[in-house]
Each structure stands twice: as structure tokens, then as C-alpha cells.
Amino acid sequence: MASPPGTSFDGYWDATRRQLDDEFGRVLPRFFDRLPASGLPAIRAAMDGGKRLRGCLVCLMTDALGGERAAAFPRAMAVECVHAASLIHDDLVDGDTARRDRPATWTTEGQRRAVLLADLMFATALQRMVELGAHDGLALAEAIATMAAGAYHELMPAGMT
């Protein structure tokens, strides 16, 4: 569903975000097929309300390179899962009690469940990308590793780097 020429980025982003939200809602149970249905509301809550900027960028690049939009959706979902999982960890580490004008995941699920939920989201996103291909899996693994190293580096005491 590439936007027609001349469409503004805001229009493209809004249409793509709506399409991603619809697709994510539809495929979430299959994407997280190892999670009991009772765990899906926590995943939905962690992913709801975001701008979907990262997923929209996946679609934009797919469209720009002449790819099939359907091929972008699982990749966009994985990227959005990684982003949401990183926010769960970040909120807990920073002690932030709210995210997107709602309670942070750790405040509703508890610290242990929030960490495990985020870990499940990271692992599932990585699994789904490996299923698509080795390059997809490697690209996501490298992104997660880079992100985690950066977060860890932020917590290092001055002079320890």
C-alpha cells in the first residue's frame, strides 16, 4: 500500500501506522504463539499507543526499494516489539512509572513479570526474523546487541568506560 506520488510524509505515516496497527492486532496471537492467550493483553498494552515510527520506516524502505508491503509487516512487527521491550526495561531501570500517559508495564505487571515479558518480546522478535532468513535474524540481533551495549554503557560509572 504505497502512497501515491505527491502524498505528504505525514499522510504516508498516518496511513501506514493505521495499516500496521490493524496488521499487528490481527497477527499478534500467531507472532507470540508460545505465549498463552492470557499473556497477550500485556503484550498489546506494551505495544499500544506508540507512533510506529520504526515500523513505518521499515515499510517506507520496502516501498522505496520496490518490495512487497506484505514482506515488510513481520519485520515491522519485530522492530516494534524490540522497541517496546526496550521501553519496558528502560522504564524499570529508570524508575519511570508512566509511559504514553499510562502506567509503565512494571507498575502493572510487577518487576519480574515486566522483565520476563520484555525478554520474551526480544526473543520472539529475533526468532521470527531468523525464520524469515539468516540476514534478517543477524540484522536484528546486531541491533539488539548495539542497543543493549549502549544502555549498559550509560550505567557505567564515570571513568569506567
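The values are calculated or read from the model by the stated rules, or taken from the named source; none is laboratory data. Quick caveat, the model's predicted, so the values are computed rather than measured. For neighbour counting, all protein chains shown are included, and Cβ atoms are generated from backbone atoms with ideal geometry for every residue, glycine included. The area values use the complete protein model at the heavy-atom level, side chains included, leaving out ligands, DNA and RNA. Shrake-Rupley method; radii C 1.70, N 1.55, O 1.52, S 1.80 Å.
For Q127, the stated conditions do not hold, so it cannot be described as more than 15 Å from the chain's Cα centre (by Cα), at negative phi and surrounded by fewer than 20 Cβ atoms within 10 Å (Cβ to Cβ). The set of residues in the stretch 93-108 that are at pLDDT 95 or above and assigned to a helix (DSSP H, G or I) comprises T105, W106, T107, T108.
Of the residues making up the stretch 76-122, those that are in contact with a strand residue (DSSP E or B) (Cβ under 7 Å, 6 or more places away or on another chain), farther than 17 Å from I144 by Cβ and in contact (Cβ under 8 Å) with a residue 12 or more places away in the chain number 2.
Exactly one residue out of G50, G25 is open to solvent by less than 70 Å² (accessible area, probe 1.4 Å), of a type outside the set (A, V, I, L, M) and outside any helix (DSSP H, G or I), and it is G50. Considering the conditions (1) open to solvent by less than 60 Å² (accessible area, probe 1.4 Å); (2) basic (K, R); (3) within 16 Å of A118 (Cα to Cα), R69 is excluded by exactly one of them, (3). Listed conditions (1) in contact (Cβ under 8 Å) with a residue 12 or more places away in the chain; (2) farther than 19 Å from R100 by Cα; (3) of a type outside the set (F, W, Y) are all met by A45, apart from (2). Can we say G137 is open to solvent by less than 40 Å² (accessible area, probe 1.4 Å), out of contact with any helix residue (DSSP H, G or I) (no Cβ under 6 Å at 6 or more places or on another chain) and free of Cβ contacts under 8 Å to residues at least 60 places away in the same chain? No.
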